[in-house]
Amino acid sequence: MFHATTRSAIEDARTLAQLDDLSRTIWQAHAAETVTDAEAQGLAETLHTRRSAIREAVAPVGIPLGRRDAVSAQAPSAGS
């Protein structure tokens, strides 16, 4: 039951924070001997795959690489 529910939660996770919480839950269950080594490892591998997919989908925010500071480009020069 834990295995199926957790696997479903991993597949439905949309943020890295959700996956972090699930990871903690998996290893706490392992420590409490609720899941076997093999089950915990399988869930951790599924979680890792999902985490990679979420990271690939994240678009960086901020100033693009190779571009100078946008604020200094708009500020008047000190000699004016």
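Output the helices (runs of 4 or more DSSP H) that fall wholly within region 16-80 and possess 1 or more residues being modelled with pLDDT of 95 or more and touching a helix residue (DSSP H, G or I) at 6+ places or on another chain (Cβ under 8 Å), or say none. Break it down into steps so the answer makes sense when it comes.
Values: elements: 16-31, 37-57, 70-74.
Answer list for region 16-80: 16-31, 37-57.
Any idea which of Thr49, Thr34 is in contact with a Phe, Trp or Tyr (Cβ under 9 Å, 6 or more places away or on another chain), open to solvent by 80 Å² or more (accessible area, probe 1.4 Å) and not hydrophobic (A, V, I, L, M, F, W, C)? Give the steps one after another, and end with the answer.
Values: Thr49 fails: in contact with a Phe, Trp or Tyr (Cβ under 9 Å, 6 or more places away or on another chain).
Exactly one residue qualifies, and that residue is Thr34.
The values are calculated or read from the model by the stated rules, or taken from the named source; none is laboratory data. Remember, it's a predicted structure, so these values are computed and weren't measured experimentally. Neighbour counts are summed over all protein chains in view; Cβ atoms, including those assigned to glycine, are modelled from backbone coordinates with ideal geometry. To get the accessible areas, we keep the full protein, side chains included, count just its heavy atoms, and leave off ligands, DNA and RNA. Shrake-Rupley method; radii C 1.70, N 1.55, O 1.52, S 1.80 Å.
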